[in-house]
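This report refers to the structure that appears directly beneath it.
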Amino acid sequence: MGIRLNDIVPDFAADTDQGPIKFHDWIGDSWAILFSHPKDFTPVCTTEFGAVAQLADEWAKRNTKVIGLSVDAADDHVKWKSDIESYADTKAGFPIIADEDLKVSKAFDMLPAEAYLPDGRTAADSASVRSVFIISPDKKLQLAMTYPMSVGRNFAEVLRALDALQATYETPIATPANWTSGEDVIVALSLNDEQARDKFGEFDAKLPYLRTIKRPA
């Protein structure tokens, strides 16, 4: 069975293009995003890594570390980064895990257990390694999403989801559809009206079960 929301994510030791890491130690007290790719030097993945690099300041503002993963070697990652930086016109300062033995991919249930990498493989051989995991500082999985080979990920949406996760983390609120930072939030159903007023003050009852407030400071 794969990891589920609120599970503590697997800890692992791995090589990266920036040297060895121990995953939980690398996360430290930060939020973290692990985003995986099926192969270096592929077109969609190059655009995605470029998008992540261009958002470096936004990740930093949110106390969030980002780390890529591909099932190629660390030396290949170093070479690939030149292409990524050329395409994105910015430095790609985040590490990329070299998951050559599929240990991390299997631990996060990104591949079937019997997956292997044939000689002369293409990206299609590891196509399911194309996921995003958002992890909170307590090392628990807060969000997971997986995309097909043909659809580039929208990292503006990943950033929006991160904002929503951080807004609601350990706070009895939720965010509505299409929410962006600064908009009203929803009082959690775990609070009755009296408890909601005690905690947040007055709210706007759109429906008896849909109560909105300004995001708490």
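Would you mind telling me which numbered condition in (1) modelled with pLDDT of 95 or more; (2) farther than 17 Å from Q18 by Cα; (3) loosely packed, with under 14 Cβ neighbours inside 10 Å T168 fails?
Against the list (1) modelled with pLDDT of 95 or more; (2) farther than 17 Å from Q18 by Cα; (3) loosely packed, with under 14 Cβ neighbours inside 10 Å, T168 comes up short only on (3).
Considering only segment 157-169, state which residues are among the hydroxyl-bearing types (S, T, Y) and in contact (Cβ under 8 Å) with a residue 24 or more places away in the chain.
So in segment 157-169, the residues among the hydroxyl-bearing types (S, T, Y) come out as 168-169.
If the condition is that a residue be among the hydroxyl-bearing types (S, T, Y) and in contact (Cβ under 8 Å) with a residue 24 or more places away in the chain, then Y169 is the only one that fits.
For residues that are among the hydrophobic types (A, V, I, L, M, F, W, C), closer than 21 Å to F23 by Cα and part of a helix (DSSP H, G or I), scanning just segment 70-85, find the one that is most open to solvent (accessible area, probe 1.4 Å).
Start the filter on segment 70-85 by keeping residues that are among the hydrophobic types (A, V, I, L, M, F, W, C), which leaves 71, 73-74, 78, 80, 84.
Those still in the list that are closer than 21 Å to F23 by Cα too: 71, 73-74, 78.
If we keep only those that are part of a helix (DSSP H, G or I) too, we end up with 74, 78.
Details: A74: 22, V78: 77 Å².
If we take residues in segment 70-85 being among the hydrophobic types (A, V, I, L, M, F, W, C), closer than 21 Å to F23 by Cα and part of a helix (DSSP H, G or I), then V78 is most open to solvent (accessible area, probe 1.4 Å).
So which residues in segment 11-62 are surrounded by fewer than 20 Cβ atoms within 10 Å (Cβ to Cβ), in a strand (DSSP E or B) and of a type in the set (A, V, I, L, M, F, W, C), if there are any at all?
A13, I21
Does any residue in segment 140-156 that is among the aliphatic types (A, V, I, L, M) come within less than 6 Å, Cβ to Cβ, of a residue that is at pLDDT below 95 six or more places away or on a different chain, and which pairs are these?
Pairs found: L141/I3; M149/A127.
For the structure I just gave you, tell me whether S126 is at pLDDT below 95 and touching a Pro at 6+ places or on another chain (Cβ under 9 Å).
Details: at pLDDT below 95: yes; touching a Pro at 6+ places or on another chain (Cβ under 9 Å): yes.
In short, yes.
Of the conditions (1) basic (K, R); (2) open to solvent by 20 Å² or more (accessible area, probe 1.4 Å); (3) more than 17 Å from the chain's Cα centre (by Cα), R4 satisfies every one except a single condition; which number is it?
R4 satisfies all of (1) basic (K, R); (2) open to solvent by 20 Å² or more (accessible area, probe 1.4 Å); (3) more than 17 Å from the chain's Cα centre (by Cα) except (3).
Kindly indicate the residue of segment 86-114 that is closer than 25 Å to S30 by Cα and over 19 Å from the mean Cα position of the chain (by Cα) and also least open to solvent (accessible area, probe 1.4 Å) among those meeting that condition. Before you say what the answer is, go through the steps one by one.
Taking segment 86-114 and keeping what is closer than 25 Å to S30 by Cα, we get 90-99, 103-110.
Then drop every residue that is not over 19 Å from the mean Cα position of the chain (by Cα), which leaves 90-91.
Details: T90: 49, K91: 144 Å².
That would be T90.
With the checklist (1) outside any helix (DSSP H, G or I); (2) of a type in the set (V, I, T); (3) surrounded by fewer than 16 Cβ atoms within 10 Å (Cβ to Cβ) in hand, flag the one item I67 doesn't pass.
Unmet condition: (3).
Under 9 Å by Cβ, and 6 or more places apart or on different chains, what pairs join a residue from segment 170-196 that is farther than 15 Å from K206 by Cα with one that is polar (S, T, N, Q) and surrounded by fewer than 13 Cβ atoms within 10 Å (Cβ to Cβ)?
Every condition considered, the pairs that remain are P172/S190.
With the requirement that a residue be surrounded by 13 or more Cβ atoms within 10 Å (Cβ to Cβ) and among the aliphatic types (A, V, I, L, M), what does segment 185-217 give you? Steps first, please.
First, the residues of segment 185-217 that are surrounded by 13 or more Cβ atoms within 10 Å (Cβ to Cβ): 185-188, 191, 195-197, 199-200, 203, 205, 210-215.
Of everything in segment 185-217, those that are surrounded by 13 or more Cβ atoms within 10 Å (Cβ to Cβ) and among the aliphatic types (A, V, I, L, M) turn out to be V185, I186, V187, A188, L191, A196, A205, L210, I213.
Here are the criteria: (1) modelled with pLDDT of 95 or more; (2) within 16 Å of the chain's Cα centre (by Cα). Tell me which single one C45 does not satisfy.
(1)
Is it true that some residue in segment 139-149 is at pLDDT 95 or above and either among the basic types (K, R) or surrounded by fewer than 14 Cβ atoms within 10 Å (Cβ to Cβ) (or both)? Let's see the steps before the verdict.
Narrowing segment 139-149 to residues at pLDDT 95 or above: 139-144.
Then keep just the ones that are either among the basic types (K, R) or surrounded by fewer than 14 Cβ atoms within 10 Å (Cβ to Cβ) (or both); that gives 139-140.
Yes, segment 139-149 contains a residue that is at pLDDT 95 or above and either among the basic types (K, R) or surrounded by fewer than 14 Cβ atoms within 10 Å (Cβ to Cβ) (or both).
The values are calculated or read from the model by the stated rules, or taken from the named source; none is laboratory data. Bear in mind the structure is a predicted one, so any value in this text is a computation, not a measurement. Every residue, glycine among them, receives a Cβ derived from its backbone with ideal geometry; neighbour counts consider all protein chains shown. Ligands, DNA and RNA are stripped out before the accessible areas are found, and what is left, the full protein with its side chains, is counted by its heavy atoms. Shrake-Rupley method; radii C 1.70, N 1.55, O 1.52, S 1.80 Å.
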